[in-house]
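Peer 1: I'd like to ask you about the structure that follows.
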Amino acid sequence: MADILSANAVQGRAPGHLCQKGEILDLERLRHSTAHVMAAAVCRVFDGVQLDIGPSTSDGFYYDFDLAHRITPEDFPAIEAEMSRIIDADIPFERVEVSRQQAAEMLRGQTYKLERLADIPADASITFYRCGDFADLCRGPHLERTGQIKAFKLLSVAGSYYRGLETNPMLQRVYGTAAATPKELKAILKLQEEAKQRDHRRLGRELDLFSMQEDVGPGLIHWHPRGARIRCLIEDFWRQEHFRGGYEILYTPHIGRAGLWETSGHLGFYRESMYAAMEIDNAAYYLKPMNCPFHIQVYKSHKRSYRDLPLRWAELGTVYRYEKAGVLHGLLRVRGFTQDDAHIFCAPDQITGEIKRTLRFAISILRSFGFENISAYLSTRPAKAVGADENWADATAALEQALQELEMDYQVDAGGGAFYGPKVDLKIQDAIGREWQLSTVQFDFNMPERFDVTYTGADGQEHRPYMVHRALLGSLERFFGILVEHYKGAFPLWLAPEQVRVLPLTDMQLDYAQQVVDNLREAGVRTGLDATSGKIGAKIRGAQVQKIPYMLIIGPREADAGLVAVRSRAGGDEGPCTPDEFAARIRHEAVPQTAGDPAAARTDAAARA
């Protein structure tokens, strides 16, 4: 068969957790090697296979194929049997360096691979990893032999547009995973099954939280009443905590003239992720992909003094970015989303204090939503960067000093910073141990220079302020998706869209039930009423399926005595009480896990985590 080109020659390797770099590297090597074996097996089982990419991922691997046969899970046993034969043969993985002409000859007839080959820079070396009669052009590394693969499993198959563009052919993407031992594979499969049960896309449909409509377009979210209620609760809490934390709130436009994006550099560096220009009054305008240039315009609306600093400005700003169809994923990767964005303008001598304050604030907010296990990562200057060396050194030192003074454990991601500044990322672990990046504290040397941002110092001279980008939740859409999966749709009481559902036993109790509902709503309790004529068992099951925290059952005795029978989502029957007593209980319970001053929040939690 024809030799082939792998994803790594073009796309690079997926990064692993820095805290266990050696272990993650070995796992990536194992999984990428297994992807090669799977591709070799597919080529043996089926005729006329065109191949595209086959990288490792954070939880396994995949490979994209184009062939006449439609692969289904029923084909997996045959593919896995062929993979086992290749593994049992203990074939070595051999690294072979070739010329571009030799590579093109080896890839003859492989349309997608030849296009991928053309993407490789002219000065880059071209290396294949050969496994018997199969070869992938790849930077490696790989296992030494196929026999080192001890446990693997094919998981699913899905459609995937070539290069992620919906105008390109649809390929067949086969997913799998691999582990060092059968026991570890069993644990991975169990975790993946649990992840399926928590999938926010499925729960979003079942709980009627949100949807995406084909008539509107992919990656654009419709928030349904229940999901919108939760979003309102998140936003209200976010604003309240920001005001308490010394921030002011901004609102900025959704579009801006082309000149703004030329000055910011987005049209030069980010155009492929921006939507096409629209013409208004003979001038080109673009939908905003980021909020920062607008915040700078507010800063520049009048002269600033060192006495004004620091300025902390936050915005729930909706932005629009063109994401390829192949990478869209529910709420986690969308085309229109609302960032919980903030920018801090401060003098150089204020920066360490501001970083510490921001990290304390971030930890407090994340803990309020139930995330206790928080890890910090310090990303330093990449090979290509803007800004003076001394600025990078000072900014990196400020970030590191803040982390150390807060006694936070952190890992260094050498060269992982953005081209415009170093950063600290905070990552949380969800209920089943998956890691998600949420908060970011990011220096920016680029924007202040491009927009000539200054302040008047105590010496009467103009000085350049430090500018820090800061996000706590990332985007509301992605954060909401993470919350849904973390809680498996069973939101804590303070976030539940319907905290209580009143369940009358028969129509005879409807009037009293409605009175209870009205009184609870008046008291600020989010209350629903099941006025259907079904049996009480069915009503209870319906409330449980909707993951309602509390149910109030009203029969003849409760109606006559002016009581309600309380049943909780977690504990079952809890006995009777008056509606007023129950309302007081809900007001006491329905608070975030952490409800203290963000500036005084405990900071050793991150170190313990």
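The values are calculated or read from the model by the stated rules, or taken from the named source; none is laboratory data. Remember, it's a predicted structure, so these values are computed and weren't measured experimentally. In this analysis, Cβ positions are derived from the backbone assuming ideal geometry, glycine residues included, and neighbour counts consider all displayed protein chains.
Peer 1: Restricting to the range 50-71, count the residues that are in a loop (DSSP other than H, G, I, E, B), in contact (Cβ under 8 Å) with a residue 40 or more places away in the chain and over 21 Å from A151 (Cα atoms).
Peer 2: Selection size over the range 50-71: 5.
Peer 1: What are the residues in the range 365-413 that are under 22 Å from the mean Cα position of the chain (by Cα) and aliphatic (A, V, I, L, M), if any?
Peer 2: Hits for the range 365-413 are I365, L366, I374, A376, L378, V412.
Peer 1: Let me confirm something: among L203, L154, which residue is at pLDDT 95 or above and outside the structural domain of R95 (by TED's automatic domain parsing)?
Peer 2: Checking each option against the conditions leaves just L203.
Peer 1: Would you point out which residue out of V96, V49, V42 is more than 24 Å from G326 (Cβ to Cβ) and either among the β-branched types (V, I, T) or not assigned by TED's automatic domain parsing to the domain that holds Y162 (or both)? Steps first, answer last, please.
Peer 2: Working: V49 fails: more than 24 Å from G326 (Cβ to Cβ); V42 fails: more than 24 Å from G326 (Cβ to Cβ).
Matching residue, one of V96, V49, V42: V96.
Peer 1: Related question: Residue check, A39 against (1) at pLDDT 95 or above; (2) part of a loop (DSSP other than H, G, I, E, B), all met but one. Which one?
Peer 2: (2)
Peer 1: Which of the residues that make up the range 336-350 are within 28 Å of the chain's Cα centre (by Cα) and of a type in the set (A, V, I, L, M, F, W, C)?
Peer 2: F337, A342, I344, F345
Peer 1: Could we say that G370 is touching a Phe, Trp or Tyr at 6+ places or on another chain (Cβ under 6 Å), of a type outside the set (F, W, Y) and over 20 Å from Q404 (Cα atoms) here? Before the answer, list the steps.
Peer 2: Values: touching a Phe, Trp or Tyr at 6+ places or on another chain (Cβ under 6 Å): no; of a type outside the set (F, W, Y): yes; over 20 Å from Q404 (Cα atoms): yes.
So G370 fails the test.
Peer 1: Does any residue in the range 371-393 that is touching a residue at least 40 places away in the same chain (Cβ under 8 Å) and among the charged types (D, E, K, R) come within less than 8 Å, Cβ to Cβ, of a residue that is surrounded by 16 or more Cβ atoms within 10 Å (Cβ to Cβ) and part of a helix (DSSP H, G or I) six or more places away or on a different chain, and which pairs are these?
Peer 2: E372/A605; R381/W392; R381/T396
Peer 1: When R307 is evaluated against the numbered criteria (1) of a type in the set (K, R); (2) touching a residue at least 24 places away in the same chain (Cβ under 8 Å); (3) farther than 20 Å from Q442 by Cα, which criterion, by number, is the only one it fails?
Peer 2: That leaves (2) as the condition not met.
Peer 1: Go through (1) under 30 Å from K547 (Cβ atoms); (2) of a type outside the set (S, T, Y); (3) without any contact (Cβ under 8 Å) to a residue 60 or more places away in the chain; (4) in contact with a helix residue (DSSP H, G or I) (Cβ under 8 Å, 6 or more places away or on another chain) one by one and return the number of the condition Q213 breaks.
Peer 2: (4)
Peer 1: Is it true that some residue in the range 465-472 is within 27 Å of the chain's Cα centre (by Cα), of a type in the set (S, T, Y) and buried (at least 21 other Cβ atoms within 10 Å of the Cβ)?
Peer 2: The answer is no; no qualifying residue exists.
Peer 1: Determine which single condition I351 fails, assuming it passes every other condition in (1) modelled with pLDDT under 95; (2) β-branched (V, I, T); (3) assigned to a strand (DSSP E or B).
Peer 2: Only one criterion in (1) modelled with pLDDT under 95; (2) β-branched (V, I, T); (3) assigned to a strand (DSSP E or B) is unmet by I351, namely (3).
Peer 1: Give all pairs with beta carbons closer than 8 Å in which a residue from the range 554-570 that is in the same structural domain as K535 (by TED's automatic domain parsing) meets a residue that is in a strand (DSSP E or B) and among the aromatic types (F, W, Y); count only pairs at least 6 apart in sequence or on separate chains.
Peer 2: V566/Y550; R567/Y550; S568/Y550; R569/Y550
Peer 1: Okay, next question. For E82, only one of the following conditions fails: (1) over 19 Å from C138 (Cα atoms); (2) out of contact with any helix residue (DSSP H, G or I) (no Cβ under 9 Å at 6 or more places or on another chain); (3) not aliphatic (A, V, I, L, M). What is its number?
Peer 2: (2)
Peer 1: Determine which member of the set E323, E315 is in contact with a Leu (Cβ under 6 Å, 6 or more places away or on another chain) and under 21 Å from Q437 (Cβ atoms). Walk me through it before giving the result.
Peer 2: Numbers: E323 fails: in contact with a Leu (Cβ under 6 Å, 6 or more places away or on another chain).
Exactly one of E323, E315 is in contact with a Leu (Cβ under 6 Å, 6 or more places away or on another chain) and under 21 Å from Q437 (Cβ atoms), namely E315.
Peer 1: Consider only pairs whose beta carbons are under 8 Å apart and that are at least six residues apart or on different chains; among these, list those whose first residue lies in the range 498-522 and is touching a residue at least 12 places away in the same chain (Cβ under 8 Å) and in the same structural domain as C577 (by TED's automatic domain parsing) and whose second residue is hydroxyl-bearing (S, T, Y) and outside any strand (DSSP E or B).
Peer 2: Partner pairs satisfying both residue conditions: P504/Y512; D507/S533.
Peer 1: Moving on to the next point. Can you confirm whether G219 is closer than 30 Å to P497 by Cα and touching a Pro at 6+ places or on another chain (Cβ under 9 Å)?
Peer 2: no
Peer 1: I would also like to ask the following. Need the failing condition index for R357 against (1) surrounded by fewer than 16 Cβ atoms within 10 Å (Cβ to Cβ); (2) under 24 Å from M447 (Cβ atoms); (3) of a type in the set (D, E, K, R), just the number.
Peer 2: The failed condition is (1).
Peer 1: For the list (1) modelled with pLDDT under 95; (2) touching a Lys or Arg at 6+ places or on another chain (Cβ under 8 Å); (3) in the same structural domain as L27 (by TED's automatic domain parsing), I need the number of the one condition that A178 fails.
Peer 2: (1)
Peer 1: Output the residue which, of all residues in the range 89-129 that are closer than 17 Å to A39 by Cα and β-branched (V, I, T), is modelled with the lowest pLDDT.
Peer 2: Ranking the qualifying residues of the range 89-129, first place goes to T111.
Every residue, every condition in (1) among the hydroxyl-bearing types (S, T, Y); (2) outside the structural domain of G474 (by TED's automatic domain parsing); (3) surrounded by fewer than 21 Cβ atoms within 10 Å (Cβ to Cβ); (4) over 20 Å from Y247 (Cβ atoms), yes or no:
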position	(1), (2), (3), (4)
D341	no, no, no, no
S364	yes, no, no, no
T380	yes, no, yes, yes
A385	no, no, yes, yes
D389	no, no, yes, yes
A393	no, no, yes, yes
